[in-house]
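S.K.: Here it is, the structure, as structure tokens.
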Amino acid sequence: MNQPGVLSRISGMLAARAYNIDSLAVGATENPEFSRITFVVNGTEKTLEQVRKQLQKIVTVVKVQDFSGQDFVERDLMLIKVSTENGRRGEIRELVDIFRGRIVDVGASHVMIEISGRENKIEAFIERMREFGILEMVRTGRIAMLRDRTITEDLEAEEDWQLQPGSTEA
């Protein structure tokens, strides 16, 4: 639910059990009553099952969806500032085009690039930019959606969007 403290409770629960969050993104959904928290936790099937069970115990968690083994689309967004002092601005521009990024700011000795895509694309772009000199970089957490409408249909099927106290299902 879109309420203060939900992210804190979820991240605190994961930290208390020594689960490391590899990626985290939070944002509003099409329904202002809900936010979607997308995070990546790596572990064994047993570990992931424990994460799911613990999340379902949190009252303000409406639905837990595990995307592993399912067909989904994921994206990561990055801004990266790269040095152009070595006079190779044209090479950088070509790589930006190849990776379908955009130059969003140009300075006297650097360019800032925006790029989005799957994590492996972002990682490959970072590796190509290292030789030019990465000055600064920031990334969002990964976001993802299932290719089918399972989650949306499940929520639309409910007549009452309000949770009953202690309920973990919407």
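S.K.: Starting at the first residue of the stretch 66-80, write each ³J(HN,Hα) from the Karplus equation 6.51 cos²θ - 1.76 cosθ + 1.60 with θ = phi - 60°, in whole Hz, x for Gly and Pro.
M.R.: Per-residue couplings from phi come out as 9, 8, 4, x, 10, 8, 9, 10, 10, 9, 10, 10, 9, 10, 9 Hz.
S.K.: Residue by residue through the stretch 24-33, which ³J(HN,Hα) values in whole Hz follow from phi under the Karplus form 6.51 cos²θ - 1.76 cosθ + 1.60 (θ = phi - 60°), with glycine and proline marked x?
M.R.: Per-residue couplings from phi come out as 8, 9, 9, x, 5, 10, 5, 10, x, 6 Hz.
S.K.: Considering Cα pairs under 8 angstrom that are at least six residues apart, work out the relative contact order of the chain and quote it in whole percent.
M.R.: 26
S.K.: Across the chain, how many lysine pairs separated by 8 or more positions, or lying on different chains, have Cα atoms within less than 27 Å?
M.R.: 4
S.K.: In addition: How large is the direction-averaged shadow of the alpha-carbon convex hull of the stretch 75-139, in nm²?
M.R.: Seen from a random direction, the Cα hull of the stretch 75-139 projects 3.6 nm² on average.
S.K.: Take the Cα atoms of the stretch 1-80, build their convex hull, and give its volume per residue in Å³.
M.R.: Spelled out: Cα convex hull of the stretch 1-80, divided by residues, is 129 Å³.
S.K.: In Å, the Kirkwood hydrodynamic radius of the chain over pairs of distinct alpha carbons?
M.R.: On the way: mean 1/r = 0.0541 Å⁻¹.
After inverting the mean inverse Cα-Cα distance, the result is 18.5 Å.
S.K.: If you place +1 on the Cβ of every Lys and Arg and -1 on the Cβ of every Asp and Glu, how big does the dipole about the Cα centre of the stretch 75-139 come out, in debye to the nearest 20?
M.R.: The calculated dipole for the stretch 75-139 is roughly 160 debye.
S.K.: Something else now. If each DSSP helix of 4+ residues adds -39,500 (n - 2.57) and the sum is divided by the residues in the chain, what number results at 222 nm, nearest 500 deg cm²/dmol?
M.R.: Details: 5 runs with 53 residues, N = 170.
Value at 222 nm, helices only, nearest 500: -9500 deg cm²/dmol.
S.K.: May I ask for the angle, rounded to the nearest 10°, between helix 119-130 and the longest principal axis of the chain, with both axes built from Cα atoms and the value confined to 0 to 90°?
M.R.: With rounding to tens, the tilt is 30 degrees.
S.K.: Between ALA15 and LYS63, with labels modelled 7 Å along Cα→Cβ, what's the label distance in nm to one decimal, could you check?
M.R.: 2.9
S.K.: Quick one: if the Förster radius is 45 Å, what FRET efficiency do VAL104 and LYS46 give, using the C-beta to C-beta distance and rounding to 0.05?
M.R.: Efficiency at R0 = 45 Å is approximately 0.55.
S.K.: Using unit Cβ charges (K, R positive; D, E negative) and no other charged atoms, how large, in debye to the nearest 20, is the dipole of the stretch 27-111 about its Cα centre?
M.R.: Dipole size: approximately 200 debye.
S.K.: Using amide H atoms built 1.01 Å from N in the peptide plane, name the residues 5+ places from THR84, or on other chains, whose amide H lies under 5 Å from its own.
M.R.: Hits under the 5 Å cutoff: HIS110, VAL111.
S.K.: Counting other Cβ atoms within 10 Å, which trypsin sites (Lys or Arg not before Pro) in the stretch 20-91 have at most 13 and lie in a DSSP loop?
M.R.: Filter output for the stretch 20-91: LYS57.
S.K.: Using amide H atoms built in the peptide plane, which far-off residues or other-chain residues are under 5 Å from PHE72 H to H?
M.R.: Residues meeting the amide H criterion: ARG147.
Values in this text are rule-based calculations from the coordinates and carry no lab data. All of these numbers come straight from a predicted model, not from anything done at the bench. Methodologically, a virtual Cβ is constructed for each residue, glycine included, from the backbone with ideal geometry; neighbour enumeration extends over all protein chains shown.
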